[in-house]
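Report on one structure; see the data block that follows.
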Amino acid sequence: FGVGFYSAYLVSDKVRVISKNNDDEQYIWESGAGGSFTVQKDTEMVHGEIKRGTKIICYLKEDQSEFLEERRLKDLVKKHSEFIGFPIELYVEKSKEKEVTDSEEDEEDAKKEEGAEGD
């Protein structure tokens with residue numbers, strides 16, 4: 001890894017790298033930046049199966065939550081990957097909160113009860 005990779009420890013307590021080559025098994029490299037690391041074959045595929053490439057997971061320090069913001073990450077990737085000829089993907093999950101009034105909850109409960117009685 002290079003200096004750029006090690007800068008991940010400026011914002012992370014721990015970094016996990018899942019990597020797969022076409023001709024090899026999938027492996028997990030993990031370190032807490034204390035000078036030691038582990039490498040193991042990824043038999044459980046907890047973070048999904050990778051056909052080819054690398055997935056990097058940063059376990060952020062408590063005071064670095066700004067790096068959870070989608071816009072902040074996109075700006076960083078764009079700025080620092082301008083001359084990289086490989087695709088960089090950012091997986092984003094979005095959720096939307098909906099406020100429900102008591103009358104709407106009552107209607108939903110009634111519909112559930114009607115469905116249960118028809119069974």
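Would you point out the residue of region 60-69, among those that are assigned to a helix (DSSP H, G or I) and modelled with pLDDT of 90 or more, that is most open to solvent (accessible area, probe 1.4 Å)?
First pass over region 60-69, keeping only residues assigned to a helix (DSSP H, G or I): 62-68.
Applying the additional criterion that residues be modelled with pLDDT of 90 or more yields 62-66.
Values: Glu62: 183, Asp63: 115, Gln64: 33, Ser65: 71, Glu66: 79 Å².
Here the residue is Glu62.
Can we say Lys94 is more than 24 Å from Ile28 (Cβ to Cβ) and open to solvent by less than 100 Å² (accessible area, probe 1.4 Å)?
Values: more than 24 Å from Ile28 (Cβ to Cβ): yes; open to solvent by less than 100 Å² (accessible area, probe 1.4 Å): no.
For Lys94, the condition - more than 24 Å from Ile28 (Cβ to Cβ) and open to solvent by less than 100 Å² (accessible area, probe 1.4 Å) - is not met.
Would you point out the residue of region 1-28, among those that are in contact with a Phe, Trp or Tyr (Cβ under 6 Å, 6 or more places away or on another chain) and not small (Gly, Ala, Ser), that is least open to solvent (accessible area, probe 1.4 Å)? It comes out as Val17. When Ile57 is tested against (1) modelled with pLDDT under 90; (2) open to solvent by less than 80 Å² (accessible area, probe 1.4 Å); (3) β-branched (Val, Ile, Thr), just one condition goes unmet, and that condition is (1). Of the residues making up region 48-63, those that are under 13 Å from Val15 (Cβ atoms), of a type outside the set (A, V, I, L, M) and out of contact with any helix residue (DSSP H, G or I) (no Cβ under 7 Å at 6 or more places or on another chain) number 4.
Yes/no per residue for (1) of a type in the set (S, T, N, Q); (2) touching a Lys or Arg at 6+ places or on another chain (Cβ under 8 Å):
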residue: Tyr9; (1), (2): no, no
residue: Ser31; (1), (2): yes, yes
residue: Gly35; (1), (2): no, no
residue: Glu44; (1), (2): no, no
residue: Ile50; (1), (2): no, yes
residue: Asp63; (1), (2): no, no
residue: Glu69; (1), (2): no, no
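From the list Val39, Val46, pick out the single residue that is in a strand (DSSP E or B), farther than 21 Å from Phe86 by Cα, of a type in the set (Val, Ile, Thr) and open to solvent by 80 Å² or more (accessible area, probe 1.4 Å).
Details: Val46 fails: in a strand (DSSP E or B).
Every option except Val39 fails the conditions.
When restricted to residues that are of a type outside the set (A, V, I, L, M, F, W, C) and either modelled with pLDDT of 80 or more or part of a loop (DSSP other than H, G, I, E, B) (or both), region 81-119 contains 16.
The values are calculated or read from the model by the stated rules, or taken from the named source; none is laboratory data. Worth saying up front: this structure is predicted, and the values here are computed from it rather than measured. Note that each Cβ is placed from the backbone with ideal geometry, even for glycine, and that neighbours are counted across all protein chains shown. Accessible surface is based on the protein model in full, side chains and every heavy atom, while ligands, DNA and RNA are left aside. Shrake-Rupley method; radii C 1.70, N 1.55, O 1.52, S 1.80 Å.
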